[in-house]
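Let me begin by presenting the structure, written as structure tokens, before commenting on it.
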Amino acid sequence: MSNAPRGGSIDRDGGRQMSSADDDAWPAAIPFHSRRVRWEATRLLVHDFLAQYTPEHPDTSDHSNQRLSEFMKLGYTILYVPDVAASLAFFEQAFGFRRRFLHESGTYGELDTGETTLSFAAHELGDSNFPGGHVHAHYSTQPLGMEIALVTTDVAKAHSAAIAHGARELAAPSTKPWGQVVSYVRAPDGCLIELCTPVEG
């Protein structure tokens, strides 16, 4: 009588070949002394694992997007600047943020800005991260098409403090039709900054 478990057969290496009848019992019923079985078991494990995240027909429904968002969040805003220490100092002195750290190389630093970290990296660090280079904001006569928005209850005070510490005024504080007070300044490193009151809603 054969020693092979029900539903399978013995291969030339002495191990058991897999069959559909073994799905519920695998992997406990399989002797792993066979190189072929070990390879097949590993292949199936990897296949099953990847299938959870890369389906044959990607789900484009809202449910799929919701599942993806569970693994993703906005962690950092990183500004490439000519002098990381100087940018940190500006935001500390003008707006009262606390410095989290400045790397000993001087090429990267962070402010303590809550759940999403505001960071600064030297231009040379950016150039080393991706080919082709990038636009240096402080060289551009116009601000880049992106901004960071700082929310405060006193826009006029924050606006004046920014200018006093070297920022250039782009738009004085004004009240928008929806009731929000907003102003714009450009930091010495070229960053476009919106100062605004919380949106009431």
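The values are calculated or read from the model by the stated rules, or taken from the named source; none is laboratory data. Keep in mind it's a predicted model, so treat the numbers as computed, not measured. All Cβ positions, even for glycine, are placed from backbone atoms using ideal geometry, and neighbour counts span all protein chains on display.
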**OP:** For the stretch 160-175, indicate whether the set of residues that are of a type in the set (Asp, Glu), more than 19 Å from GLY75 (Cβ to Cβ) and part of a strand (DSSP E or B) is non-empty.
**Re:** yes
Subject >> Selection count, the stretch 113-125, where residues are modelled with pLDDT under 90 and either outside the structural domain of ARG99 (by TED's automatic domain parsing) or crowded, with 16+ Cβ neighbours inside 10 Å (or both) >> reply: 0
**OP:** Could you please find all residues in the stretch 136-159 being touching a residue at least 40 places away in the same chain (Cβ under 8 Å) and either among the basic types (Lys, Arg) or in a helix (DSSP H, G or I) (or both)?
**Re:** ALA137, HIS138, TYR139, VAL155, ALA158
Original post:
Which of the residues spanning the stretch 104-118 are in contact (Cβ under 8 Å) with a residue 12 or more places away in the chain, closer than 22 Å to HIS138 by Cα and not in a strand (DSSP E or B)?
Top reply: GLY106, THR107
Original post:
When the stretch 136-154 is examined, which residues are found to be surrounded by 13 or more Cβ atoms within 10 Å (Cβ to Cβ) and either touching a Cys at 6+ places or on another chain (Cβ under 9 Å) or modelled with pLDDT under 95 (or both)?
Top reply: HIS136, ALA137, HIS138, PRO143, LEU144, GLU147, ILE148, LEU150, VAL151, THR152
Original post:
So how many residues does the stretch 77-87 have that are within 17 Å of the chain's Cα centre (by Cα) and either in a helix (DSSP H, G or I) or loosely packed, with under 11 Cβ neighbours inside 10 Å (or both)?
Top reply: 0
**OP:** Output yes when any residue across the stretch 88-97 is in a helix (DSSP H, G or I) and either touching a Lys or Arg at 6+ places or on another chain (Cβ under 6 Å) or among the charged types (D, E, K, R) (or both), and no when none is.
**Re:** yes
**OP:** Please determine, by comparing only the residues of the stretch 155-167 that are under 21 Å from ASP83 (Cα atoms) and aliphatic (A, V, I, L, M), which one is surrounded by the most Cβ atoms within 10 Å (Cβ to Cβ).
**Re:** ALA162
Original post:
What are the residue pairs meeting all of these: first residue in the stretch 178-195, first residue in the same structural domain as PHE91 (by TED's automatic domain parsing), second residue at pLDDT below 95 and of a type in the set (Phe, Trp, Tyr), Cβ atoms under 9 Å, and 6 or more apart or on different chains?
Top reply: GLY190/TYR139
